[in-house]
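The structure under discussion appears below in the form of structure tokens.
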Amino acid sequence: MTALLLRDLRLSIRSGGGALIGVLFFMAVVAVIPFGVGPDLNLLSRIGPPILWIGALLASLLGLDRLFQADREDGSLDLMLMQETPLVMTVFVKCVAHWLSHSLPLVIASPLLALFMNMDALSVGATALTLLVGTPAITFIGAAGAAVAVSLPRGGLLVSILVLPLTIPVLIFGAGAAYAATQDPSPFLPPFLYLIALTLIFAVIGPLAAALALRASSD
Amino acid sequence: MTALLLRDLRLSIRSGGGALIGVLFFMAVVAVIPFGVGPDLNLLSRIGPPILWIGALLASLLGLDRLFQADREDGSLDLMLMQETPLVMTVFVKCVAHWLSHSLPLVIASPLLALFMNMDALSVGATALTLLVGTPAITFIGAAGAAVAVSLPRGGLLVSILVLPLTIPVLIFGAGAAYAATQDPSPFLPPFLYLIALTLIFAVIGPLAAALALRASSD
Amino acid sequence: MRFEAQALSARRGEDLLFRDISFALSDGEALVVTGPNGSGKSTLLRVLAGLLPQEEGTVRFVDGTEDRPAREACHYLGHRNAMKRELTVEENLTFWAEFMAKEGAAPGMDIDEAAESVGLAGIAHLPFGYLSAGQQRRMAFAKLLVAHRPVWILDEPTAALDVKADAMFAGLCQAHLAAGGMLVAATHQPLGIESVKSLVMKGFEYGEALA
Amino acid sequence: MRFEAQALSARRGEDLLFRDISFALSDGEALVVTGPNGSGKSTLLRVLAGLLPQEEGTVRFVDGTEDRPAREACHYLGHRNAMKRELTVEENLTFWAEFMAKEGAAPGMDIDEAAESVGLAGIAHLPFGYLSAGQQRRMAFAKLLVAHRPVWILDEPTAALDVKADAMFAGLCQAHLAAGGMLVAATHQPLGIESVKSLVMKGFEYGEALA
Amino acid sequence: MTDTSLAIRSFSDLANPAKFIALAGKLIPWLAGVTAILFAAGLWLCFTTDGDYQQGETVRIMYIHVPAAWLSMMCYTIMAASAVGTLVWRHPLADVSARVAAPLGAAFTFVALVTGSLWGKPMWGTWWVWDARLTSVFILFLMYLGLIAFNRAMDDPSRAARVSAVMILIGFVNIPIIKFSVDWFNTLHQPASVVRMGGPAVDSEFLRPLLVMAIAFTMLFFTLHMMAMRTEIWRRRVAAMRRIAARSAARGQEV
Amino acid sequence: MELAHNEGYVLASYAITLIAMIVIIGWVLIDSRGRQRELKRLEEAGIRRRSARNAASGGAATEKTIDA
Ligand code: HEM
Ligand SMILES: Nc1ncnc2c1ncn2[C@@H]1O[C@H](COP(=O)(O)OP(=O)(O)OP(=O)(O)O)[C@@H](O)[C@H]1O
Ligand SMILES: Nc1ncnc2c1ncn2[C@@H]1O[C@H](COP(=O)(O)OP(=O)(O)OP(=O)(O)O)[C@@H](O)[C@H]1O
Ligand SMILES: [Mg+2]
Ligand SMILES: [Mg+2]
């Protein structure tokens, strides 16, 4: 399993440059928002957390559709399906590798981008923390979508559409918790705990669904 | 050349990127936004134009990195390089096909989505217009990047560093012009003209650079 | 050990491709599948490897522990090499060696040793994408050596191999059989392996198993 | 018409793969390139097709109009088939026929006719990805027929073909030569074409041209 | 004569699509006739009853908005039931039913969304708000489109059936959300006043055209659904026959 | 006055509903006609379905798809 993790990480660095595309897209998102809302710093800092969350969500979608496709095209997926290692584990490890290479850079970059949005320290911290906890959920859901798409001869963008509706709860609780951290009346902990719960649930359901879809897909 | 255009359009529909899916994806993105920033209509109408622009950028990026890669992997690129047709033309047509299949549906759908973002008529028109004029620039820059990436066995990273930053000016002028249309003091025309200039420049430079990179790439 | 298929039939799209294919291999036996293009050789091998669902029939690998799926006892070498172009040969082989390793099973060959036995010891540091077609195929073959599996399922293994590599390949297969392994191969060219069973596919008209 | 190479040498990575390769083909002549895996056959063909830069030497196609690059007179069939899995066979062939059509040049075969002459007339409506390996190769070959080019450059054209298809392939090549075409093929198996020149590559030890 | 009873009946005598086609051939003209009569009566009622003192003329939008909204949910429910049929009994007709219902559902949802928006502008002063009911209906619309796109992406129906059945069932959570969103969250939208505990709270003046239109829309749905199912069965037959034709042609000419 | 103002919305609603219904009904009808025509042409060409030829060979278990 470590072998798989290392391989996927290595691949993501050697080809495609997943990490940077995500971060750059993220930066582009943050760079244009001020043009919409104008130079109103207060407003910017208020919508900062949700914007960062939306940016992270969309950036995670880039490249997620090829999570299994590359392995299928060169025949590696066949061999993975044949091993004794439970397929769920294989999928889980691939998700972890994808998260490490594609989403973690976003989480790390988010405090920096938060500065552009004129967010205060507390809010920056809360957003980064919720992103850290919440983005894995997106990856796990995405894996299920990618697995369904790989089973389709004409999958493609379909993944993002299958996946986006399912990410809505994550977005609600993530952005909600980040927002609550700075607003006094609304408590931070409940949405944050929901977020953790969502991630844990999806960490189980996502790989399971993906494994099922992959088994059904082979052709 | 029409043959190439038709083939690429057909492929984009077959492999899941067709108009329906592009628009659907865009709609899903727009539907997700209120869950992030909250259902505040005023706020939504202010961030409407940049959100539409971000959606367009994302939709253009999805799949753009594989513009030449797919053709290279199955050997089609080799044959294209051998023909009498100038390579620049081939690249240009491929860009047009990508724009038609990935960006145009978004431009067409944008007024509808703008309604959901509660934007007023002027702003809707301005955004759709800037999208129509600006998105080709993104495609052309992206094509150059995709060509460089295809020529370097491990070039993925480089592309995102070289190319994505170039899209940020497009994004800024685009969103800026859309914003200016509704705000009285700031004039609409200057950023809009810059946007047109950018598109025209990139329409020449992008395919040229891509053709050069592809010629140098073959291996 | 026995590897056996009983009354297999399979479907591609909506059509039944073959029906009622049965065979049994025991230690050291090989089966060569032949037939015209599109007759369903690759389909049969993928069914044996558990990569396609059969329509009817069973595939079993019997070795004391009955309950494991047959696919876990198999190596599958398809038309595609299952190697990453971006990684070096060594990285590729190491990955598969580790990923396919089983606890308590016979260990496979060392990476270097495997590269040497397919005649490519010197170029293991190159990215896989830099190799020539035949070298890539040889490396894909080396993958079978780095982890032990009793059954090898090979789809046109000698495509793109030169004469010397053909002989080397036949030698490796013989060694595998001599060590009690089993082998199912689909091919259009004689493989140079002795004493094999053969199965001729006819495609849509349903194959016949010959002893 | 003449297709000729003079004192070619090419490099892969840092190493010179071959040096000083010269040959000339005129109407109806064929050259078969052989040699062990990794000796540079594919590299040579790609240089001839203008897909890789040579280190030294020239490739020329002489036919009155001298100034066009030689690659424009060539068909290249590489290890990969240059077909899209998602499109049907018919769409694929139609695309290449139109894309490769030249004004004022001899027109190629009709799509149906081409599919028929590779023995696959019935399945032109299937997506290319659904074909078996051999069927895919046949279809890739049909691509050479739908647009006319005087020179065919073929890299292991018969890989994955069955016996019947081998014969069909040889027949098509003969017909091309008889019509005054030229042909350069790299292969490990005899192609069944008569009266050909041959070139044996040795790889890094530099090839020798034999008449 | 509802769809469910038909499905159960043909399930019990094991899946004869041929029987279904025969039955549909007999039923469709009657269904179409009844639908036409109901629409004629419904539309006449729609335009002859008085306007509301509060809402003025716009109350007439209700006569199409509410039936369309109901049908958008009913159609999804039928799809979910069919999905269960696909997964549990692997009944081929169930897959056909689910597959052809998606475009119909999308059409009714579209009508509900558009008429709702057109009603919202005069009543609430805006085309659209992101409240729970409206958003969940919008998501229903996206789900219909997604399922259509999915079915189109998959050209091998036997493989698409199970995956799309699972997706339909996952999406079913949205239906109770639509239905009860007005009770759970406070929204701008009207709470249930027809289908609710304790009987309808709408004046019978408005209730009559509403109910007639609702039945008319429902009959329209069943007519179209049955026709589309029949067409889908034909489509699959054509595909099967084409394959056989192609294969015998290939074998005939290949020596 | 307000009534006259709002009539537009009512008309628009009915018009759009009418158009949507015409589109969906038309699509169902056209699709149905098209398939019927194809079926007829194939049958004229003398092509029979497999199960129509040897109904005994494929039982319900193997025939997961519809070609009854
Ligand atoms: C795009 C906007 C709208 C959407 C998506 C929408 C959706 C729905 C749905 C799904 C239902 C069925 C609810 C159920 O059966 O429980 C419904 C019913 C109804 N809607 Fe709307 N609606 C919209 C706008 C409006 C507006 C603007 C009004 C009037 C001011 C309105 C008035 C009603 C009424 C009176 C009912 C019947 C409720 C009942 O009796 O159960 N709707 N709508
Ligand atoms: N980028 C590169 N860097 C270094 N070596 C390379 C590179 N690309 C290819 N090679 C080497 O060049 C040699 C020639 O490869 P080529 O594909 O031409 O061989 P070939 O004669 O076609 O062999 P085969 O019969 O296996 O197809 C191989 O030994 C390969 O390892
Ligand atoms: N999804 C599909 N739908 C319909 N037919 C298919 C599908 N996939 C494969 N086929 C058909 O199944 C047949 C068997 O293909 P298979 O790859 O098993 O042949 P093969 O014997 O390996 O041939 P080759 O010698 O060319 O490799 C082919 O005729 C192919 O066209
Ligand atoms: Mg095969
Ligand atoms: Mg080669």
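The values are calculated or read from the model by the stated rules, or taken from the named source; none is laboratory data. Bear in mind that the values here come from a model prediction, so they are computed numbers and not experimental data. Virtual Cβ from ideal backbone geometry, glycine too; neighbours counted across all protein chains shown. In case anyone asks, the SASA skips ligands and DNA or RNA and just uses the protein heavy atoms, side chains included. Shrake-Rupley method; radii C 1.70, N 1.55, O 1.52, S 1.80 Å.
Looking at C:ALA160, C:ALA133, just one residue is within 8 Å of ligand 2 (Cβ to nearest atom) and at positive phi, and that residue is C:ALA160. Candidates in the range A:169-193 are the residues that are open to solvent by 20 Å² or more (accessible area, probe 1.4 Å), within 14 Å of chain B (Cβ to nearest Cβ) and assigned to a helix (DSSP H, G or I); of these, the one that is farthest from A:THR139 (Cα to Cα) is A:TYR179.
Taking the conditions exactly as written (open to solvent by less than 100 Å² (accessible area, probe 1.4 Å) and at pLDDT below 90), does F:SER13 satisfy them or not?
When the stated conditions are applied, F:SER13 does not pass them.
Of everything listed in (1) open to solvent by 20 Å² or more (accessible area, probe 1.4 Å); (2) under 16 Å from A:ASP65 (Cβ atoms); (3) more than 12 Å from every other protein chain (Cβ to nearest Cβ), the single unmet condition for A:LEU166 is (3).
The set of residues in the range E:209-229 being over 12 Å from the mean Cα position of the chain (by Cα), open to solvent by less than 20 Å² (accessible area, probe 1.4 Å) and within 13 Å of E:GLY42 (Cα to Cα) consists of E:PRO209, E:LEU210, E:MET213, E:ALA214, E:ALA216. Anything in the range C:85-113 that is in contact with a Phe, Trp or Tyr (Cβ under 9 Å, 6 or more places away or on another chain) and farther than 18 Å from A:LEU79 by Cα? List them, or say none. C:GLU86, C:THR88, listed by residue number. Listed conditions (1) surrounded by fewer than 18 Cβ atoms within 10 Å (Cβ to Cβ); (2) at negative phi; (3) at pLDDT 85 or above are all met by D:MET182, apart from (1).
Would you pick out the residues in the range C:111-126 that are open to solvent by 10 Å² or more (accessible area, probe 1.4 Å) and either on the phi > 0 side of the Ramachandran plot or in a helix (DSSP H, G or I) (or both)?
From the range C:111-126, those open to solvent by 10 Å² or more (accessible area, probe 1.4 Å) are C:111-113, C:116-117, C:119-126; that's our starting set.
If the condition is that a residue be open to solvent by 10 Å² or more (accessible area, probe 1.4 Å) and either on the phi > 0 side of the Ramachandran plot or in a helix (DSSP H, G or I) (or both), then C:ILE111, C:ASP112, C:GLU113, C:GLU116, C:SER117, C:GLY119, C:ALA121, C:GLY122, C:ILE123 are the ones that fit.
With respect to (1) touching a Pro at 6+ places or on another chain (Cβ under 9 Å); (2) crowded, with 21+ Cβ neighbours inside 10 Å; (3) at the interface with another protein chain (Cβ under 7 Å from one of its Cβ atoms), the lone exception for D:GLY129 is condition (2).
Within the range E:150-173, can you find the residues that are hydroxyl-bearing (Ser, Thr, Tyr) and under 18 Å from the mean Cα position of the chain (by Cα)? Lay out the reasoning, then the answer.
Quick first cut of the range E:150-173, residues hydroxyl-bearing (Ser, Thr, Tyr) only: E:158, E:164.
The answer is E:SER164, and nothing else.
Taking (1) open to solvent by 10 Å² or more (accessible area, probe 1.4 Å); (2) in contact (Cβ under 8 Å) with a residue 60 or more places away in the chain; (3) within 24 Å of D:GLU156 (Cβ to Cβ) in turn, D:LEU25 satisfies each apart from (1). Is it the case, given these coordinates, that B:LEU20 is surrounded by fewer than 22 Cβ atoms within 10 Å (Cβ to Cβ) and within 15 Å of A:SER160 (Cβ to Cβ)? Spelling it out, B:LEU20 is indeed surrounded by fewer than 22 Cβ atoms within 10 Å (Cβ to Cβ) and within 15 Å of A:SER160 (Cβ to Cβ). Only strands (runs of 3 or more DSSP E) whose full extent lies in the range D:1-101 are considered here, and the ones with at least 2 residues that are away from ligand 5 (no atom under 16 Å from the Cβ) and under 30 Å from D:PRO127 (Cα atoms) are D:74-77.
Is one or more of the residues making up the range C:158-176 outside any loop (DSSP other than H, G, I, E, B), touching a residue at least 60 places away in the same chain (Cβ under 8 Å) and within 16 Å of ligand 3 (Cβ to nearest atom)? Even if it seems obvious, please write down each step before you answer.
Step one: list which residues in the range C:158-176 are outside any loop (DSSP other than H, G, I, E, B), which gives C:163-176.
Still in the running and touching a residue at least 60 places away in the same chain (Cβ under 8 Å): C:173.
If we keep only those that are within 16 Å of ligand 3 (Cβ to nearest atom) as well, we get none.
The answer is no, given that none of the residues of the range C:158-176 is outside any loop (DSSP other than H, G, I, E, B), touching a residue at least 60 places away in the same chain (Cβ under 8 Å) and within 16 Å of ligand 3 (Cβ to nearest atom).
For the range B:60-80, indicate whether the set of residues that are open to solvent by less than 10 Å² (accessible area, probe 1.4 Å) and in contact with a Pro (Cβ under 9 Å, 6 or more places away or on another chain) is non-empty. For the range B:60-80, residues open to solvent by less than 10 Å² (accessible area, probe 1.4 Å) and in contact with a Pro (Cβ under 9 Å, 6 or more places away or on another chain): absent.
With A:LEU44, A:LEU6, A:LEU11 as the choices, which residue is touching a Phe, Trp or Tyr at 6+ places or on another chain (Cβ under 8 Å) and more than 9 Å from chain B (Cβ to nearest Cβ)? Quick ask: steps written out before the conclusion?
Details: A:LEU44 fails: touching a Phe, Trp or Tyr at 6+ places or on another chain (Cβ under 8 Å); A:LEU11 fails: touching a Phe, Trp or Tyr at 6+ places or on another chain (Cβ under 8 Å).
The unique qualifying residue is A:LEU6.
D:SER195 meets the conditions (1) open to solvent by 50 Å² or more (accessible area, probe 1.4 Å); (2) within 16 Å of ligand 4 (Cβ to nearest atom) in every case but one. The failed one is (2).
I'd like the full set of residues that are open to solvent by less than 10 Å² (accessible area, probe 1.4 Å) and within 15 Å of the chain's Cα centre (by Cα), limited to the range D:159-169. Across the range D:159-169, the qualifying residue is only D:PHE169. The single residue among C:GLU55, C:GLU86 that is away from ligand 2 (no atom under 16 Å from the Cβ) and more than 14 Å from chain D (Cβ to nearest Cβ) turns out to be C:GLU55. Cβ-Cβ distances below 7 Å connect the following pairs, each with a first residue in the range B:69-96 that is facing chain D (nearest Cβ under 9 Å), a second residue that is surrounded by 21 or more Cβ atoms within 10 Å (Cβ to Cβ) and of a type in the set (Ser, Thr, Tyr), and a separation of six or more residues or different chains: B:ASP78/D:TYR76; B:LEU79/D:TYR76; B:MET80/B:THR90; B:MET82/D:TYR76.
Residue-by-condition table, conditions (1) more than 21 Å from A:THR167 (Cβ to Cβ); (2) at pLDDT 85 or above; (3) within 16 Å of ligand 2 (Cβ to nearest atom):
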{"residue": "E:ALA101", "(1), (2), (3)": "yes, yes, no"}
{"residue": "E:GLY105", "(1), (2), (3)": "yes, yes, no"}
{"residue": "E:SER117", "(1), (2), (3)": "yes, yes, no"}
{"residue": "E:TRP124", "(1), (2), (3)": "yes, no, no"}
{"residue": "E:TYR144", "(1), (2), (3)": "no, yes, no"}
{"residue": "E:LEU147", "(1), (2), (3)": "no, yes, no"}
{"residue": "E:ASN151", "(1), (2), (3)": "yes, no, no"}
{"residue": "E:ALA161", "(1), (2), (3)": "yes, no, no"}
{"residue": "E:ALA165", "(1), (2), (3)": "yes, yes, no"}
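Exactly one residue out of C:GLY50, C:GLY64, C:GLY57 is more than 13 Å from ligand 4 (Cβ to nearest atom), free of Cβ contacts under 8 Å to residues at least 40 places away in the same chain and out of contact with any helix residue (DSSP H, G or I) (no Cβ under 7 Å at 6 or more places or on another chain): that is C:GLY64.
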